[in-house]
Amino acid sequence: MNCTVVKELLSAYFDGELGAKLHQQVQEHVEDCSVCRRELEGFRRLAQLASEATVAPPSAELWQRVESGLDQDAPPPPALRRTSLSQLAMSWNTRRWTTLAALVLIAVTVGILGYRSMSPPHEHHQFAEVFAEYLDRFKSDSRDAQAFLLSKYHNQPVTPESAIDRVGYRPAVAGGLPDGYSVVSTHVVKMPCCTCVECLCQRADGTTLAIFEHEEDEPEWFDKRPAVNVICQSKQCALFELPGTMAASWKSGKRYVTLIGAQSVGEVDKLVAWFSRTSETGNL
Amino acid sequence: MAELPADVFASCRAGDRSAQRSLFERCLSQVYQLMVRLVGVQDADDLTQQVFLQVFRKLHQFAEGARFETWLYRLATNEALQFLRKERRWRFQPLLVDPMSKKPDESDEQDHRDLLEQALQRLDPVLRSVFVLKEVECLSYQEIAEAMNIPEGTVGSRLNRARRELQQHLTDLGWEA
Ligand SMILES: [Zn+2]
C-alpha cells in the first residue's frame, strides 16, 4: 500500500472504521512510513484537543423558553383566544422586532378571524395537510418546502412577466420587487383551491420569503392556525404564526396576496404598502 | 444517552409537558454541546431552543423503532447548517482576524476552548459538522452519514479534509500541541 492510498484511508483507520484486512494493511504501512505516522499523530492530538476543550453549561432558563414556544404552538382554549397583538408578536421572536413603532403603526384592531367554518371536501382536507407541511418546513428550508409543494401539484416555472398568459392577469411581482428583494423563482401552481402565482424571493441577507397572488381568499391554507386580524396600511390583514416565522394574507386590489416567511409585522406592513402602491399604479 | 421509556414519545406527542421536559433534559447537554461547536457559544442557546421546539413539533415524523438519537442529530445538524448558511455572509468574515491580535488567555483550558472554537469557525460548516459529530459527539460513520444525509462512503474523506484543514488553522492560530 502506498502513501496516496493510506492518506485516503487514514481517518477511517484512525476511527476504527476499516475492515480487519484494510486495517492491517494501513497499520503495516504506518509502521514503516514516518510521513503517514506523523499525520496520524496529528489526528491524535486533534482528538485530544477536542476532548479536553469543555463547554460551559447552557442558560438555565432554556426549558422555560422551549415551553413558552410550545405554549404558543398549542391552540389556546376558546375562552383565551383574544390575545393582544403585542403579546403574540413578542412571542414570535423578540429579537426580530427592531422597533415597537412598527407595532404601534398597525395595532389598531386585534381579533381572531372566524376561519374554518365549513367542513371541507376530501380533496381540500388533503390539500390542507400538504399546505400545513409546506408551512412547517418553510422556515428551516424554504427551497425544500417549495420543492415539496411543487411536487404535489401541477405547476409551471414562469418569468414574472409570462405568468400573465397562464393566470390571465399581470401579477404584481411582474413589475419587479420592492428594494432589497430579488426573485429566486416564479411558478404558476394549480392547487385544488385555485391557480396562483408563487414567487420565491430573497432578501439582501439571503433569507427567503414566498409571495402568493391568488384570486380568492384562501383561509384553508392556514387551516387550524389561529389568525390575528390587524390593520396594516388601512387594510385588514390576517397574520399567522408559523414555526420560527410568520405568514400574512390580505386583499390587494382585485386579488389577494399571501406572504409566507415574513420576518416581522414591520416587514408585512412595508410589503402591504408596496403592493397597494403597485395596485394603484395599475399593475394589479 | 440512556434508554428512554417506551411511551415517552407518545406522551410528548400528546403534549404532556412533563414527558417533554424529561426528553429535553435527557438530550440537552448533547444538543447544546453540538450547537456550541457548530454555531459558536453566542448563538448556542437560541439554536438549542429552536432545535427542541422543532423536536416537539416534528415528533410525529419520527418513526418509532428508529434510533431517536440519529433523528435528533439529523434535526440539530440541519438546523445549525441552515443557520450558518444564512449567517455566514456577515458573521464569518470578521472572524478572519489577524492571529497576532489574539490576546493571551488566563488558563490553559480557556486557551484550548478559544483556539478550537476559532479554528472550527474557519472550517467550512459541512466539514465542521462532520468533525464535531465524530470528535465531540463520538458518532460512527454510519450515524454521521445519517445525521448529515450524505453517503457513508464520503464520511472518511470529509474527515480527512476536516482534520487537515483544522490542523492548519490551529497552527495559524499559534497552536503548539
Ligand atoms: Zn506513507
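The values are calculated or read from the model by the stated rules, or taken from the named source; none is laboratory data. Note that the structure is a prediction, hence the values are computed from the model and not measured. Every residue, glycine among them, receives a Cβ derived from its backbone with ideal geometry; neighbour counts consider all protein chains shown.
Close contacts from segment A:4-26, counting a first residue that is away from the ligand (no atom under 16 Å from the Cβ) and a second that is charged (D, E, K, R), with Cβ to Cβ under 8 Å and a gap of 6+ residues or different chains, come to A:15/B:134. Quick one: would you say residue A:80 is over 30 Å from residue B:31 (Cβ atoms), more than 16 Å from the ligand (Cβ to nearest atom), more than 7 Å from chain B (Cβ to nearest Cβ) and at pLDDT below 95? So residue A:80 passes the test. Figure legend. Inter-residue proximity from segment B:150-161: first residues farther than 13 Å from residue B:123 by Cβ, second residues of a type outside the set (S, T, N, Q), beta-carbon distance below 6 Å, spacing 6+ or different chains. Indicated pairs: B:152/B:141; B:152/B:145; B:155/B:141; B:155/B:144; B:155/B:145; B:156/A:12. The single condition among (1) among the charged types (D, E, K, R); (2) modelled with pLDDT of 90 or more; (3) closer than 30 Å to residue B:172 by Cα that residue B:58 does not satisfy is (3).
Taking into account only those residues within segment A:28-43 that are more than 12 Å from the ligand (Cβ to nearest atom) and not small (Gly, Ala, Ser), which is surrounded by the most Cβ atoms within 10 Å (Cβ to Cβ)? For segment A:28-43, the residue satisfying everything is A:43. Each residue in segment A:239-262 was checked for being over 18 Å from the mean Cα position of the chain (by Cα) and not charged (D, E, K, R), and 4 of them qualify.
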